[in-house]
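The values are calculated or read from the model by the stated rules, or taken from the named source; none is laboratory data. Fair warning: this is a prediction, and the values are worked out from it, not measured in the lab. Cβ coordinates were reconstructed from backbone atoms using ideal geometry, including for glycine residues, and neighbour counts include every protein chain displayed.
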Amino acid sequence: MPSLIEQAKGTDASLPNWIQSQQQLAEKEVVSMPFPNSKQEHWKYLPVEKLEKINFNSPSNLNDPDLLINTYQSLIKSESYKIFISNGKIIKIDDALKTIVKIDQFSDCKQLKDQFICALKKPNASDPFFYFLNSSMLVDGLLLEVPEGSRMEHPIHIINLGPNNTSSVSSPKLIIRINPYVEVKLIEEFFDLNGSGLLTNSVTHINIDKNATVNHDRIVNMNSENYHFGQISFDLCENARLNSNSLVIGGQMTRVDLSVNLNRRGSECDLKGLYLCKGESITDHHTAIFHNSEYTKSSELYRGVINDKGLGIFNGKVVVSESISQVSATQHNNNLLLSDLASANTKPELQIYSDDVRCAHGATIGQLDSESLFYLRSRGIPEQRAQLLLIKGFIQEIFSKNYELKDSEFITQSLGIKEK
């Protein structure tokens, strides 16, 4: 089984020429740069170098699609239009969705439309190694376009199914274009509970045109032996709005790089994120918001609950460009440690190059409030039940409003807590 660097070499002759060109360019980038390591500032605290020594199976060894779908267990019970994907390839689509949006596979496009070409450029805040690794190992990808003025009854639910074997790599790429005056809910779910030693290295780009509103949810649900590296970027036009919500559960090592470009007047974003760690799992979020125009607004709130020997990492950056005015930005990260061995590292950043702005940021790391816990215990509530009530209160604000969870006990399961 070859290493990641070895797998990045070579192109797939069955794919269109434009994809092969992307693969060749990406291969040159991957082999010319050092493998990421925790000595680099961008990877501080995350032992990413351990992936260099792992030999992975070829990504072309796909599983039986029906078997993958049958083993899928969603956290969500709300209705949705579903698209099932395995390593970038569509394996099933709800028929109702085909009449609402335009969906294409990369492999079916002899050349890429102009409005999608810009999405192939590496986002300025993303990590170059894993971005180009995704392009070089690409098996297929998905183009999705929502027509102007669309209003949909249910969310579009894109489900990335991991293989049920061992030590495989998946490299899905997703490009979404939201046309003007659209209001849509999107859910990206990564389900990797069946296989072991799996690596998912995903890239998503979403362009939101003028006066459109996108409610975007990203769910990573993995077992404790798998790895997830995800890069997602948003470009917002005039008066566009983004509501983003990230949920990470499980996994041996998870890294999510999210960037938002507020490119035109009136564009705004609200980012929320929740990560739940137990055992020795590590979850790392790096976010970057770029205020590139006047009258733009951003707010960000990420929270982590960490148990056992888990580690939560947050690095959030807000950049306000020169010579713009009427900018508002807030950023907060809060971490709750449930054991003496749990840990968190947080680094909020503001880079402000204009004067007429309102910006604030803050971060906290702490344990459950002893006075609140004592109050609940004095009312006859058992200790573990009291702890759980405080945990639920801590994370309630973060939960997405776009869907309803199927299992109300997923919090205790995700944190390894046995409620009594």
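One residue stands out in segment 196-216 among those that are more than 16 Å from LEU271 (Cα to Cα) and among the aliphatic types (A, V, I, L, M): the one that is surrounded by the most Cβ atoms within 10 Å (Cβ to Cβ), namely VAL203.
For segment 356-368, check the following and say yes or no: at least one residue is within 18 Å of the chain's Cα centre (by Cα) and either modelled with pLDDT under 95 or not β-branched (Val, Ile, Thr) (or both). No, there is no match, as no residue in segment 356-368 is within 18 Å of the chain's Cα centre (by Cα) and either modelled with pLDDT under 95 or not β-branched (Val, Ile, Thr) (or both).
Yes/no per residue for (1) within 23 Å of LYS278 (Cα to Cα); (2) of a type in the set (A, V, I, L, M, F, W, C):
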position	(1), (2)
LYS309	yes, no
LEU337	yes, yes
GLN351	no, no
ASP356	no, no
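For segment 100-117, residues that are modelled with pLDDT under 90 and over 27 Å from PRO163 (Cα atoms) total 8.
Residues that are of a type in the set (Gly, Ala, Ser), farther than 24 Å from SER400 by Cα and at pLDDT 90 or above: does segment 161-168 have at least one? Looking through segment 161-168, none of the residues is of a type in the set (Gly, Ala, Ser), farther than 24 Å from SER400 by Cα and at pLDDT 90 or above. Kindly evaluate ASN61 against the criterion of being farther than 20 Å from ALA344 by Cβ, part of a loop (DSSP other than H, G, I, E, B) and at pLDDT 90 or above. No; evaluated as a whole, the condition is false for this residue. Here LYS102 qualifies as in contact (Cβ under 8 Å) with a residue 40 or more places away in the chain and surrounded by fewer than 16 Cβ atoms within 10 Å (Cβ to Cβ). Filtered by the rule that a residue be touching an Asp or Glu at 6+ places or on another chain (Cβ under 7 Å) and farther than 24 Å from SER400 by Cβ, segment 88-101 gives GLY88, LYS89. Figure legend. Inter-residue proximity from segment 246-262: first residues assigned to a strand (DSSP E or B), second residues of a type in the set (Gly, Ala, Ser), beta-carbon distance below 6 Å, spacing 6+ or different chains. Indicated pairs: SER246/GLY273; ILE249/SER414; VAL256/GLY230; ASP257/SER126; SER259/ALA125; SER259/SER233; SER259/ALA288. Residues that are in contact with a helix residue (DSSP H, G or I) (Cβ under 6 Å, 6 or more places away or on another chain) and β-branched (Val, Ile, Thr) within segment 145-203 comprise ILE175, VAL203, listed in sequence order. Being closer than 20 Å to GLU300 by Cβ, surrounded by 15 or more Cβ atoms within 10 Å (Cβ to Cβ) and out of contact with any Ser or Thr (no Cβ under 7 Å at 6 or more places or on another chain) holds for only one residue in ILE398, ILE365, ILE417, and it is ILE398.
Given GLU183, GLU188, GLU145, which one is buried (at least 24 other Cβ atoms within 10 Å of the Cβ), at pLDDT 85 or above, in contact with a strand residue (DSSP E or B) (Cβ under 9 Å, 6 or more places away or on another chain) and among the charged types (D, E, K, R)? Going through GLU183, GLU188, GLU145 in turn, the sole match is GLU188. Pull up segment 10-46, narrow it to residues that are in a loop (DSSP other than H, G, I, E, B), more than 23 Å from the chain's Cα centre (by Cα) and surrounded by 14 or more Cβ atoms within 10 Å (Cβ to Cβ), then point me to the one that is modelled with the highest pLDDT. Among those that are in a loop (DSSP other than H, G, I, E, B), more than 23 Å from the chain's Cα centre (by Cα) and surrounded by 14 or more Cβ atoms within 10 Å (Cβ to Cβ), it is PRO16.
Has segment 64-72 got at least one residue that is more than 25 Å from the chain's Cα centre (by Cα), under 22 Å from PHE132 (Cα atoms) and exposed (fewer than 15 other Cβ atoms within 10 Å of the Cβ)? No, segment 64-72 contains no residue that is more than 25 Å from the chain's Cα centre (by Cα), under 22 Å from PHE132 (Cα atoms) and exposed (fewer than 15 other Cβ atoms within 10 Å of the Cβ). Got a number for residues in segment 275-294 being surrounded by fewer than 24 Cβ atoms within 10 Å (Cβ to Cβ) and either hydroxyl-bearing (Ser, Thr, Tyr) or over 23 Å from PRO36 (Cα atoms) (or both)? Here the count works out to 6.
Going by the conditions given, is SER372 over 22 Å from the mean Cα position of the chain (by Cα) and either of a type in the set (A, V, I, L, M, F, W, C) or within 30 Å of ARG264 (Cα to Cα) (or both)? Criteria not met by SER372.
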